[in-house]
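The values are calculated or read from the model by the stated rules, or taken from the named source; none is laboratory data. All figures in this text were calculated on a predicted structure; none of them were measured in a lab. Here the Cβ is made from the backbone with ideal geometry for all residues, glycine too, and neighbour counts use every protein chain on show. Quick note on the areas: whole protein, heavy atoms, side chains included, nothing else; ligands and nucleic acids left out. Shrake-Rupley method; radii C 1.70, N 1.55, O 1.52, S 1.80 Å.
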Amino acid sequence: MRNYVKSVTALCLAAGGAHAGALDRTGQSVDVLFEDGRYVEFSFATVSPDLSGNSADALLPNGSGSGDISPSYNQFGAAFKTDLNDKWSVALVYDQPFKADVDYALGTGYFAQGSNAEFRSHAWTGFLKYKVGSGMSVYGGLRFQAVEANAAIEFPVLGLTGYSAFAERDYGIGYVAGVAYERPEIALRVSLTYNSEISHSVNTIETINPIPVALTSETEFETPQSVNLAFQTGIAPGTLLFGGVRWVDWSDFALTPATYRTATGGSLLSYEDDVYTYTLGIGRRLNETWSVAATLGYEETNGSFFTNLGPSDGQESIGLAAIYTKGNMKITTGVRYVRIGDTVTRAGTIAPAARFEDNDAVAIGVKVGYNF
């Protein structure tokens, strides 16, 4: 049962964090710290969102609507963990915690056609874990993070044409700290993890009509701090209940290049509210080889105005997963359906500018883990 518990909590992570609130894409899990002995894993997920909207103001051209503005994307991850002795463990985790990709195609007649934006991140986190005793453990570490972004904006009705921004790759350092309590005899584990904000100062090159030269400035922002509360417990032989709550401080995030701020008075990408993500799942061992699990996920719709580069407000999701165990190897597959919350956007001083309704996303993931 103990080895099963270590495996089943990862069942819905194969596609679990994909397309969460704002730019959140992985959930920054620390489950690898609780694997037995020496362990390595690799994960891959592909996400296919369907996100489209229509103008909500008569002054803004609509044409055939925005069309699907969110291209499919892939996620990669890897982790390694080993015990130094019966008290100390170390781990190294690579993930892509924050990501966005928006593209308003030309030819739709929509007021934002020709606009696009990308935000990319890569993070490497080193962990050290110490078993205090009586089921308690503490852990922490440093996170080294790289970010980069680019955007092109066309809002002719608002007088904004020929705008582009390229933010060069920048590196920052943050930290992680947490505490956990375990009772293996009843498959109980509760962990509380804090992820610090990471500050970036990005060299940004902007162009805008009718200025004939590129403008260079420093854009300062922080990827947000967050707190993860996760739990699991056995509720019957071979059956596990698990879930958690994640809070992310998105209300403190704003990407505001200098020229864009001067031209529009606002941010290229920002969020008015923090995001709380709730998950609840149940796992069941079928036999020594196969296990299955199902999860439900929920993020509250805040009803705030969003920028047209980030039109996603809340969600509901359901996930199904299975794990195949053969010797020291575990292969996890998962699929997750996400109903994206209806969203209202702002364009300059026009609010609402657009309504994004009845949108969804599908994520499929695979994770391979090996104990050695």
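Listing for the model above:
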{"item": "Å² of accessible area per residue within the chain, as computed with a 1.4 Å probe and no ligands counted", "result": "43"}
{"item": "P(r) histogram, all alpha-carbon pairs of the range 149-292 included - 10 Å bins from 0, percent", "result": "10, 27, 22, 17, 14, 9, 2, 0"}
{"item": "Hz values of 3J(HN,Hα) by residue in the range 152-160 - Karplus curve (6.51, -1.76, 1.60), Gly and Pro given as x", "result": "9, 10, 10, 10, x, 4, 8, x, 10"}
{"item": "Rg [Å, one decimal], Dmax [Å, integer] - the range 78-173, C-alpha atoms", "result": "21.6, 65"}
{"item": "Rg(Cα) / (2.2 N^0.38 Å) computed for the range 266-308, rounded to two decimals", "result": "1.98"}
{"item": "Whole-Å semi-axes of the ellipsoid equivalent to the range 238-311 (Cα gyration tensor, √5λ, descending)", "result": "41, 12, 9"}
{"item": "Rounded FRET efficiency, nearest 0.05, which uses the C-beta distance separating ALA214 from ILE173 and R0 of 30 Å", "result": "0.50"}
{"item": "Helix-only CD estimate at 222 nm, as mean residue ellipticity for the chain, using -39500 (n - 2.57) per DSSP H run (n ≥ 4)", "result": "-1000 deg cm²/dmol"}
{"item": "Column: log10 I(q)/I(0), Debye, Cα scatterers of the chain, q = 0.08 Å⁻¹", "result": "-0.43"}
{"item": "P(r) weight above 21 Å for the range 211-355, C-alpha pairs, percent", "result": "60"}
{"item": "Inter-site label distance for THR256 and VAL90 at 7 Å from Cα along Cβ, in nm", "result": "4.2"}
{"item": "Between the range 135-205 and the range 40-104, the Cα center-to-center distance that results, in Å", "result": "12"}
{"item": "Gain in span if fully extended, ARG183 to GLN225, counting 0.36 nm per residue against the direct Cα distance", "result": "12.2 nm"}
{"item": "Listed peptides 142-155, 286-299, 60-73 by packing density, highest first (mean Cβ within 10 Å)", "result": "142-155, 60-73, 286-299"}
{"item": "Length added when fully stretched, TYR194-GLU300, from 0.36 nm per residue minus Cα-Cα", "result": "36.0 nm"}
{"item": "Which listed pairs, of LYS87/LYS326; LYS81/LYS367; LYS99/LYS330, have C-alpha distances above 24 Å, in listed order", "result": "LYS87/LYS326; LYS99/LYS330"}
{"item": "Percent of Cα-Cα distances greater than 14 Å, calculated over the range 61-134", "result": "71"}
{"item": "For GLY67, residues with placed amide H under 5 Å, excluding near neighbours", "result": "GLY53"}
{"item": "Theoretical gain in end-to-end length, GLU357 to PHE76 [0.36 nm per residue, Cα-Cα removed]", "result": "98.2 nm"}
{"item": "Residue-wise HN-Hα coupling along the range 46-52, computed from phi with Karplus coefficients 6.51, -1.76, 1.60 (Hz; x: Gly, Pro)", "result": "10, 10, 10, x, 10, 10, 9"}
{"item": "For ASN359, distant residues with modelled amide H under 5 Å away", "result": "ILE340"}
{"item": "Projected label distance in nm at SER164 and ALA146, using a 7 Å step from Cα toward the beta-carbon", "result": "2.3"}
{"item": "Accessible surface of the chain, 1.4 Å probe, proportion on carbon and sulfur as whole %", "result": "58"}
